[in-house]
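These notes concern the structure reproduced below.
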Amino acid sequence: MDKLFRLTSALALAALLAACSVARPVGDFGRAAPGFTHDVAMPAAGDFIARNRKEPVSNFNKTDQEEEMHNRVWRFLVAAHAKDWVFDSSVELQRTRIIPPKDERYTIERYYAWLKRTEYQSSRTRYSTVGRHIAADIDTLPGTFAAICAVIEIDRQRAIAYDSLGRDLPPATGDNLAARKYENSAFIAWFVRALNYRHASYDYALDSLLVETPHEQSLAVDEALRRLSVYVSRADRHDFCGNGSAQQSGGSIVIPSRFQHPGDQEVVLPK
C-alpha cells in the first residue's frame with residue numbers, strides 16, 4: 001500500500017509538472033537558481049519513477065566531480081539566451097528523470113526560427129549573434145570536457161576500489177556502483193547529443209541566413225562552426241581526456257555554466 005501511495009504521489013507530481021512550464025528558474029546572467037522544487041522534490045520523484053521504468057538508480061552521494069560535470073553540462077542542454085529553442089521545460093523533466101529522454105526528437109530549425117523572429121537593427125547582426133553563441137560554446141567546452149574526464153576517472157577508481165574491497169561490502173554496493181556508472185554514462189551521452197544538436201542548429205541557421213540575407217559576415221560564422229566541429233568530433237569519439245586537436249578561441253566571451261565558476265565572464269548579446 002505504501003509503495004502504491006508513493007507511486008501515485010510521484011505520478012501525480014509528474015502530471016502536474018508536465019501540465020505547466022517547469023523550466024528551471026534562473027537568476028542573474030541566466031544562472032540556475034537553486035530551490036527545493038528543482039533540487040529536491042523533482043529529483044526524488046524522478047528517481048522513484050525511473051525505478052518503476054526499471055532503470056538503474058543509484059543512491060550513492062554525488063562526488064564533487066559529478067556535481068561539477070552536471071553544472072558544466074547544463075548550459076548545453078538549455079538555451080536561456082534563445083528562449084526555449086532547446087525545450088527548456090522538457091530538459092528539466094528529463095534532467096530529473098521524471099520523463100525518459102526526449103531530446104533525440106528535437107528538430108534543428110528552432111534556433112533559426114527564434115533568430116528570424118527576433119528584431120535587430122541590422123540583418124548583419126543576426127550573423128554576429130550566431131557567431132557569439134558559437135564562441136561562447138567553444139570557450140566553455142574545454143572546462144566541460146575536463147569535468148567529464150574527471151567523472152570518467154571517478155568511475156574507473158570506483159571500479160578498482162570495488163574489485164579490491166567489494167567482498168567486504170553489502171551486495172547493494174555493487175548495484176549502486178553499476179547504477180551510478182549507468183547514470184553518468186547516460187548523462188555524458190546526453191551532452192554529446194546536445195552538442196551535436198547545437199552544431200546542427202547553428203549550421204542550419206547559417207545556411208538559411210545565406211539565402212535570406214546574404215552578407216560577408218557569413219565567412220566568420222562558417223569559420224567558427226569549423227572550430228566547433230572539432231569539439232563535436234571529439235565528443236562523438238568520447239575523447240574528453242585527450243588534448244585532441246581543438247583550439248581554444250582565446251576570446252573572453254563566456255556564458256557561465258549552470259552555476260558560476262571562478263574565472264567565468266559574462267556577455268550581453270546586442271540586438
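Throughout, read-outs are computed from the coordinates displayed, never taken from laboratory work. The structure displayed is predicted, hence computed values, not measured ones. With ideal geometry, Cβ positions are generated from the backbone for all residues, glycine too; neighbour counts draw on all protein chains shown.
Check cross-link reach from LYS102 to the aspartates and glutamates: straight Cα distance under 12 Å, and skip same-chain residues fewer than eight apart.
Filter leaves ASP88, GLU92.
At 7 Å along the Cα-to-beta-carbon direction for both HIS215 and ASN196, put a label point, then send me their distance in nm to one decimal.
Rounded to a tenth, the inter-label distance reads 3.2 nm.
Whole angstrom only: what separates the Cα centroid of the range 183-199 from the Cα centroid of the range 88-118?
13 Å
Determine ³J(HN,Hα), in whole Hz, for all residues of the range 215-231 in sequence, where each value follows from phi through the Karplus function 6.51 cos²θ - 1.76 cosθ + 1.60 and θ = phi - 60°; x replaces Gly and Pro.
Taking θ as phi minus 60°, the curve returns 9, 5, 4, 4, 5, 5, 5, 4, 5, 5, 5, 4, 5, 5, 5, 5, 5 Hz for the range 215-231.
On a straight-distance basis, which aspartates and glutamates could pair with LYS62 in a cross-link, Cα separation under 12 angstrom, same-chain partners fewer than 8 positions away excluded?
ASP155, GLU183
Does the range 164-216 come out rounded, prolate or oblate, given a ≥ b ≥ c as the square roots of the eigenvalues of its C-alpha gyration tensor, rounded meaning a/c under 1.5 and, failing that, prolate meaning a/b above b/c?
Working: a/c = 11.88, a/b = 6.76, b/c = 1.76.
The shape class here is prolate.
Sort VAL57, VAL78 so that the residue with the fewest other Cβ atoms within 10 Å of its own Cβ comes first and the one with the most comes last. Kindly include the intermediate steps, with their values, before the conclusion.
Details: VAL57 19, VAL78 24.
The fewest-first ordering by Cβ neighbours comes to VAL57, VAL78.
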